[in-house]
Amino acid sequence: MKRLIMTASLAMAIGCTADIAPESIKVADYKDGKECAISLTFDDSMKEHYTIVAPELEKRGFRGTFWMCGAWMPAEPQHDTTHFTWAEAKKMSEKGHEMSNHSWSHQYMTALSDEDLAREIRMNDEAILKNLGKASTTFCFPYNSYDERTIAAVMEGRIGARLKEFWLGGQHSPKEYLTEQVENALASGSWIAGMTHGINYGYDCYTDPTEFTDFLDYLKSLEDRIWVGTFRDVAAYTAVAKDVELTIEASGKGVTITPKTSLDKALYETPLTLEVAAEGKKIKAKQDGKVLSPIYRNNMAYIDFCPYGGPVTIQ
Ligand SMILES: [Zn+2]
């Protein structure tokens, strides 16, 4: 993020500059000024993601990212109880979960020819678009099999790929390990992604499934500090926050912040959060005629705005 701060000298001279310190204004690292971000991601289109995971996330106001392989997804539910169907994927998508691309048939991508690699990506993209009416804008490599060539192939028209994750599954993730992942993310202000497969059955399932819901409750208890967001949403936010340029002009009437980003709105659409030192004061904010509602925490005001919109005025 770049900031250009201009202060109207006349207003300064007559001593009526706004109360808001223009130098305190910046784009928050994460939405609503949260200290870190966690994406909960679920691999392999498993039926339990539809029957258990999505409802448990929704109960807590969370949304997940589900990496799907079209070749495994049955057209008719009665033929397969292991994987969710396209109709079920559509319902999850409509509830705000991210339904994204894990390749068509779960191959080691680095072992594929350019042609086969392109087909594995394209067939799943086409199936997702056809069945959900929404394009996949992120990617997850089966078996974490990726290299420069495969990354370049998937990143065309996409905003991110999961290249690093922490285990969020029974055998590999005792409670202490999970707590450590979250504490490290908070301490370093990082974005981390959890990887889960089965809950009651399948690869890396839980010996005690309540460990999964306990972890969700733990995240919920830290909601003021942690942004639990889909992989797509955090990828879009962090990319635009890094790219955006703010021109900040202070006058006697307040502060005007004009955002400018070169990233494609269709792909990277996201709100950003302005961070402003509030010092106990209430702030009035507007953009394009719309009143924006700040959230106050620790003497700061956090104001969501559209980085593709017009100037934001604050008083
Ligand atoms: Zn997988």
statement: For residue 128, the lone unmet condition from (1) modelled with pLDDT of 95 or more; (2) over 26 Å from residue 55 (Cα atoms) is (2)
query: What number of residues in segment 203-221 are surrounded by fewer than 16 Cβ atoms within 10 Å (Cβ to Cβ) and of a type outside the set (Ser, Thr, Tyr)?
result: 4
field: Unique residue being buried (at least 22 other Cβ atoms within 10 Å of the Cβ) and either more than 15 Å from the ligand (Cβ to nearest atom) or outside the structural domain of residue 90 (by TED's automatic domain parsing) (or both) when the list is 39, 24
entry: 39
message: Name the residue that is nearest to residue 272 (Cα to Cα), counting only residues in segment 226-245 that are hydrophobic (A, V, I, L, M, F, W, C) and touching a Phe, Trp or Tyr at 6+ places or on another chain (Cβ under 7 Å).
response: 240
- prompt: Only one of (1) charged (D, E, K, R); (2) open to solvent by 30 Å² or more (accessible area, probe 1.4 Å); (3) touching a strand residue (DSSP E or B) at 6+ places or on another chain (Cβ under 8 Å); (4) modelled with pLDDT under 95 fails for residue 176. Which number is that?
  reply: (3)
query: What are the residues in segment 38-65 that are assigned to a helix (DSSP H, G or I) and within 18 Å of residue 134 (Cβ to Cβ), if any?
result: 49, 50, 54
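In this structure, does residue 296 turn out to be under 30 Å from residue 192 (Cα atoms) and in contact with a Phe, Trp or Tyr (Cβ under 8 Å, 6 or more places away or on another chain)?
On the way: under 30 Å from residue 192 (Cα atoms): yes; in contact with a Phe, Trp or Tyr (Cβ under 8 Å, 6 or more places away or on another chain): yes.
It is true that residue 296 is under 30 Å from residue 192 (Cα atoms) and in contact with a Phe, Trp or Tyr (Cβ under 8 Å, 6 or more places away or on another chain).
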query: From the residues in segment 46-71 that are within 16 Å of the ligand (Cβ to nearest atom) and closer than 21 Å to residue 192 by Cα, which one is surrounded by the fewest Cβ atoms within 10 Å (Cβ to Cβ)?
result: 53
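The values are calculated or read from the model by the stated rules, or taken from the named source; none is laboratory data. Treat the numbers as computed from the prediction; the structure is a model and nothing was measured. Cβ: placed from backbone, ideal geometry, glycine included. Neighbour counts: every protein chain shown. Note: areas computed on protein heavy atoms with side chains; ligands, DNA, RNA excluded. Shrake-Rupley method; radii C 1.70, N 1.55, O 1.52, S 1.80 Å.
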